[in-house]
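For reference, the structure is listed below as structure tokens.
The values are calculated or read from the model by the stated rules, or taken from the named source; none is laboratory data. In this text, all values refer to a predicted model and were calculated from it rather than measured experimentally. Here Cβ is always computed from backbone atoms with ideal geometry, including for glycine, and neighbour counts include all displayed protein chains.
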């Protein structure tokens, strides 16, 4: 089994269509693929999907508020038509648009125009700061991603606008109510101390969270070991995903994440009861928007 359970298409901040991701996954020998776009569900209508051995899994990555931090929760094996989940995602995307509109006003005040027009010509459903960074780079206002965030988009940036996400507990609850498996995405990327990380994981578990993402693109061995030990001690399942966005980022690709170690394999997400019921009861996976 070679799953990739976390990647992005051009419907959020990825560069490529779902069709491209599917073809790439087949070429890379992926067995199970979940396209987990930010705050939007890429999947569309029911259809038979078994493509050269590739199984598709409906998923989403939701931005959630935990204390003063933004954390990300991946939902896997969700019902893409679930009303309550989609209502929350609609609200999140609207909040994103309002945030970008406020950022656009900040940029206009310093003589930088065109952000909204730039975003409106893209296929993305969920507007992100990553799109704003790309706009600033393409228009020559910044040399690179780091400069765009440092000068304009980070907390001390000239165009920074705060946003309030849906509470972590509610995000987990809605994913579970939609039949999904709730996964804490890339736990090592939040810049938390061991104490704060333990607190986050504990509250995630109390909210009904199922799994920790135990391996992802660019994870370091020390973090990977810590997540595996935490998942084992706290009875979480372990997921894996590349968090792939763009073939031009040569350090990453679909399926490019370190393999789970023996402990994590024992707790692997494909041992979760919902995983088995999803493929047993609903082996029609889903077509996607292209």
Residue hits (the stretch 170-192; under 30 Å from residue 225 (Cβ atoms) and over 17 Å from the mean Cα position of the chain (by Cα)) are 191, 192
Within the stretch 193-223, restricting to residues that are in contact (Cβ under 8 Å) with a residue 12 or more places away in the chain and part of a loop (DSSP other than H, G, I, E, B), the one that is nearest to the chain's Cα centre (by Cα) is 217
Within the stretch 247-264, restricting to residues that are touching a residue at least 12 places away in the same chain (Cβ under 8 Å) and part of a helix (DSSP H, G or I), the one that is surrounded by the fewest Cβ atoms within 10 Å (Cβ to Cβ) is 263
**Asked** If you go through the stretch 3-20 one residue at a time, do you hit one that is over 27 Å from residue 145 (Cβ atoms), touching a residue at least 24 places away in the same chain (Cβ under 8 Å) and surrounded by fewer than 18 Cβ atoms within 10 Å (Cβ to Cβ)?
**Response** no
Residue 79 meets each of (1) surrounded by fewer than 22 Cβ atoms within 10 Å (Cβ to Cβ); (2) part of a loop (DSSP other than H, G, I, E, B); (3) under 14 Å from the mean Cα position of the chain (by Cα) with one exception, condition (3)
Expected single match for in the same structural domain as residue 34 (by TED's automatic domain parsing), under 21 Å from residue 14 (Cβ atoms) and crowded, with 16+ Cβ neighbours inside 10 Å among 116, 175 is 175
Residue 100: passes all of (1) closer than 19 Å to residue 40 by Cβ; (2) surrounded by fewer than 17 Cβ atoms within 10 Å (Cβ to Cβ); (3) at pLDDT 95 or above but (2)
- prompt: Has the stretch 34-41 got any residue that is part of a loop (DSSP other than H, G, I, E, B), surrounded by fewer than 24 Cβ atoms within 10 Å (Cβ to Cβ), at negative phi and in contact (Cβ under 8 Å) with a residue 60 or more places away in the chain?
  reply: yes
Going through the stretch 58-76 in order, the residues found to be surrounded by fewer than 19 Cβ atoms within 10 Å (Cβ to Cβ) and within 18 Å of the chain's Cα centre (by Cα) are 65, 69, 70
Of those in the stretch 105-121 that are in contact (Cβ under 8 Å) with a residue 24 or more places away in the chain and on the phi < 0 side of the Ramachandran plot, the residue farthest from the chain's Cα centre (by Cα) is 110
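Does residue 55 satisfy the criteria of being under 17 Å from the mean Cα position of the chain (by Cα) and in contact (Cβ under 8 Å) with a residue 40 or more places away in the chain?
no
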Taking residue 90, is it loosely packed, with under 14 Cβ neighbours inside 10 Å and either out of contact with any strand residue (DSSP E or B) (no Cβ under 6 Å at 6 or more places or on another chain) or over 30 Å from residue 279 (Cα atoms) (or both)?
yes
Here the residues within the stretch 231-246 that are under 28 Å from residue 273 (Cβ atoms) and either under 21 Å from the mean Cα position of the chain (by Cα) or in contact (Cβ under 8 Å) with a residue 60 or more places away in the chain (or both) are 231, 236, 237, 238, 239, 240, 241, 242, 243, 244
Filtering the stretch 206-239 down to residues that are within 21 Å of residue 171 (Cα to Cα), buried (at least 16 other Cβ atoms within 10 Å of the Cβ) and out of contact with any helix residue (DSSP H, G or I) (no Cβ under 6 Å at 6 or more places or on another chain) yields 210, 213, 231, 236
When residue 140 is run through (1) assigned by TED's automatic domain parsing to the domain that holds residue 117; (2) in contact with a helix residue (DSSP H, G or I) (Cβ under 8 Å, 6 or more places away or on another chain), the failure sits at (2)
